[in-house]
1. When you scan region 23-44, do you find a residue that is of a type in the set (A, V, I, L, M, F, W, C), surrounded by 15 or more Cβ atoms within 10 Å (Cβ to Cβ) and modelled with pLDDT of 95 or more, even just one?
2. Mind listing just one residue for me: the one in region 66-94 that is part of a loop (DSSP other than H, G, I, E, B), modelled with pLDDT of 95 or more and of a type in the set (Lys, Arg) and, of those, farthest from Val56 (Cα to Cα)?
3. Which residue out of Leu162, Leu115, Leu90 is surrounded by fewer than 12 Cβ atoms within 10 Å (Cβ to Cβ) and more than 14 Å from the chain's Cα centre (by Cα)?
4. Just to check your reading of the model, which residue among Leu90, Leu86, Leu113 is within 24 Å of Pro31 (Cβ to Cβ) and not basic (Lys, Arg)?
5. Among the residues of region 140-153, which ones are surrounded by fewer than 13 Cβ atoms within 10 Å (Cβ to Cβ) and at pLDDT 95 or above?
6. Residues of region 101-140 being assigned to a loop (DSSP other than H, G, I, E, B) and in contact with a Gly (Cβ under 8 Å, 6 or more places away or on another chain), which ones?
7. For region 65-85, enumerate the residues that are of a type in the set (Val, Ile, Thr) and buried (at least 20 other Cβ atoms within 10 Å of the Cβ).
8. Within region 5-19, track down each residue that is under 26 Å from Ser34 (Cβ atoms) and surrounded by 12 or more Cβ atoms within 10 Å (Cβ to Cβ).
Amino acid sequence: MIDLIKFTESDFDRFISWIKSEEAMMQFAGPAFSWPVTKEQLFMYLNTPNRLIYKVVDNQSMDVIGHAELNNIDNKNKSARICRILVGELKDRNKGYGKAIIKELVRIGFEELKLHRLDLGVFNFNKQAIKCYRDCGFEIEGLMKENFKVKEEYWSTYNMSLLNKDL
């Protein structure tokens, strides 16, 4: 259904076009970027060590439909964090891409990188993402209460994880 291909500078304009508000940016990227996202921020992001950044390509149409990342890759402790998962256009959502992206990141993490643990953070109000992650085997480890401030509102985050032995 999808392929994960290295994210490059040629992807910057498309990526920026998908982030239409500060709230959308925060939900997708947490504090990784400041609003509005710029090419300068993306260049620094692209050159940060210990991460694999991908564009998501529908392998039937060959359209770029999203973004995904493995971050904080820790070879000593055999762990990484799945983050910045995005299906860019509304027309492409609710088609199973999210599960396909997570399953491919899990495959890369456990089979290619030989990791033991993957985790991720998700805002507690994002019920659709939480269901997707659970369907892919992730379990909630805990809730970080009101750990992000977006404008005048505080958002809480679940941490979820999956161990290689749990598959």
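1. Yes, the conditions are met somewhere in region 23-44.
2. Taking the candidates together, the pick is Lys76.
3. Leu90
4. On inspection, the qualifying residue turns out to be Leu86.
5. Of everything in region 140-153, those that are surrounded by fewer than 13 Cβ atoms within 10 Å (Cβ to Cβ) and at pLDDT 95 or above turn out to be Glu141, Gly142, Leu143, Lys145, Glu146.
6. Residue satisfying the conditions is Leu115 alone.
7. Answer for region 65-85, where residues must be of a type in the set (Val, Ile, Thr) and buried (at least 20 other Cβ atoms within 10 Å of the Cβ): Ile65, Ile82, Ile85.
8. First, pick out the residues of region 5-19 that are under 26 Å from Ser34 (Cβ atoms): 6-19.
Of everything in region 5-19, those that are under 26 Å from Ser34 (Cβ atoms) and surrounded by 12 or more Cβ atoms within 10 Å (Cβ to Cβ) turn out to be Phe7, Asp11, Phe12, Arg14, Phe15, Ile16, Trp18, Ile19.
The values are calculated or read from the model by the stated rules, or taken from the named source; none is laboratory data. These figures come from a predicted structure and were not determined experimentally. Here Cβ is always computed from backbone atoms with ideal geometry, including for glycine, and neighbour counts include all displayed protein chains.
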